Structures are given as C-alpha cells and as structure tokens.
Ligand SMILES: Nc1nc2c(ncn2[C@@H]2O[C@H](COP(=O)(O)OP(=O)(O)O)[C@@H](O)[C@H]2O)c(=O)[nH]1
Ligand SMILES: [Mg+2]
C-alpha cells in the first residue's frame, strides 16, 4: 500500500482535500481508502474507512484522567502510535493500493511530539508521501509565508518522507497568488516584500534564503476544492513520487 499523508496548520484544508483526492482515485477505479487520524475532529467532508476515534475517545480520556479539552487532545495525540497495529489490521481488511491519511488539526501535536513521526515511519508502506498545505488566506502576507515555509521544513525534518507543497483555497485569493508563487521561487523577492530592517534583517534574510534555496517547497501547487483547480497537478505530483519513485 502507498500512503498519502495530509498535513498543514488547522483549517488549511486537509480534510477537504482528502475527500476530493480520494474521490478522484475512486472514480479512476483505484483501490483507495481514507484514514482519519484526528481524535478531536467532529465532522469530516468525506466517508471515513478507518477512524482513530474508534480507538481513542476524547470524552473518555477527559473523564478518566480528569483533563480539560487541551490536555486530553495532547494525550489523545500521544496515544496514536499505540494504535498503529490495530489501524494497520483494519487497513489490511480493505487491501488498498492507496491510503489517504488525514492528520490532526493541531499539527504540533502530530509532528512535534513522538507519536505522529513514529506512526509515519512505522506504518507498512511501499511508498509514502506527505502533502503539506499552505493556506492561501494566511500566506498572502510575506512574514506569514516565511513562517509557514519554515513550518514546512520542520515537518519535512520530523516526518522524513518526500513532501509536496500545496497552496490551498486559491479561489479566495486573486492577485496575491502570483506574488506567493514568486516568493516560493526566489528568496530575494520574498526578502524585498518582507521589508524588514534593523536587527531582524539578518535573521529573516538567512531564513528566507535557506527555505527557498533548499527547495523544500520545490513547486507550490495552487488548488481549490471549490472548483477543483490544481487537483490534476497534485495527483500528477503524487504519482511521480509514489508510483514512479522520483
Ligand atoms: N473557499 C475555499 N474554502 C476551503 C477550501 N478548502 C477548504 N476550505 C474551507 O476551509 C475550512 C477548513 O477546511 P478543512 O478541510 O476542515 O481543514 P483542516 O482543518 O486542515 O482539515 C472549511 O470551512 C472548508 O470548507 C478551498 O479550496 N476553498
Ligand atoms: Mg481536518
């Protein structure tokens, strides 16, 4: 099985894109399933095949350990790794070729604690890819763009698998799109627009240069799940990595 993880800041469009992409594979008669790894989610816009909430119950954790909503989410995220075997067994019943794995809204709970990276590194796979989502409503500001690009690098470091960068919700931005794509391509453009002076200039210029020149972002693919723009490009990118091993 080939695993496609979706990561990004809360609300960046992970669940929406999971729905659209898994549907596309289904329509192409591929053997595909979806896995929800977010123990705290209440509604998702697609049919879930394997659900972490069947193994981890947030309400039970709150009651049992006397925790508030935040504490129980942290504990629930830490428990994800302990359910790997059961999740794998359930996935195996479908014998899928492609598995779309929607990750928790709070990316820091998934990527910066040990459970998420453990899950990613140890789940059975012929190939893995991580789709990292840049929310276009956030990254049209240069300083936020740089911050999210650093987050993308940091996720790559934590998960250690090939990564595709996606600019979501392109229908919500207009002229800004061209600027954002320029920043992803050329750090001097980003630096110009940051207009940072003084003591922070040295920091931002080094960060911008390392993030852009290291090709962490490589290509930023603009998408919209409202009109399905960019979806074919994302699928081509996934296929290059997991089907052709590029
Ligand atoms: N306009 C627009 N809204 C989107 C798009 N993708 C997601 N959204 C909205 O953004 C919000 C968060 O999306 P969701 O998929 O739940 O994000 P997640 O927290 O990363 O899983 C929802 O209200 C979605 O309807 C898009 O391409 N265009
Ligand atoms: Mg979600």
Evaluation of residue 129 against (1) more than 16 Å from ligand 2 (Cβ to nearest atom); (2) more than 23 Å from residue 114 (Cβ to Cβ); (3) in a strand (DSSP E or B) (one fails), failing number | (2)
The correct count of residues that are modelled with pLDDT of 95 or more, exposed (fewer than 13 other Cβ atoms within 10 Å of the Cβ) and in a helix (DSSP H, G or I) in region 194-235 is 1
Can you tell which of 36, 3, 31 is within 9 Å of ligand 2 (Cβ to nearest atom), in the same structural domain as residue 102 (by TED's automatic domain parsing) and closer than 12 Å to residue 99 by Cβ?
-> 36
Picking from 34, 18, the residue that is touching a residue at least 24 places away in the same chain (Cβ under 8 Å), within 13 Å of ligand 1 (Cβ to nearest atom), within 30 Å of residue 171 (Cα to Cα) and part of a helix (DSSP H, G or I) would be 18
Residue 234 touching a residue at least 24 places away in the same chain (Cβ under 8 Å), more than 15 Å from the chain's Cα centre (by Cα) and not assigned by TED's automatic domain parsing to the domain that holds residue 31 = no
Would you mention how many residues in region 81-111 are outside any helix (DSSP H, G or I) and at pLDDT 95 or above?
-> 9
Any residue in region 146-156 that is buried (at least 21 other Cβ atoms within 10 Å of the Cβ) and closer than 23 Å to residue 87 by Cβ?
-> yes
Out of 58, 84, 21, 73, which single residue is within 15 Å of ligand 2 (Cβ to nearest atom), surrounded by 15 or more Cβ atoms within 10 Å (Cβ to Cβ) and within 19 Å of residue 117 (Cβ to Cβ)?
-> 73
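The values are calculated or read from the model by the stated rules, or taken from the named source; none is laboratory data. Please read all numbers here as calculations on a predicted model, not as lab measurements. Glycine also receives a Cβ, built like all others from the backbone with ideal geometry; neighbour counts cover every protein chain displayed.
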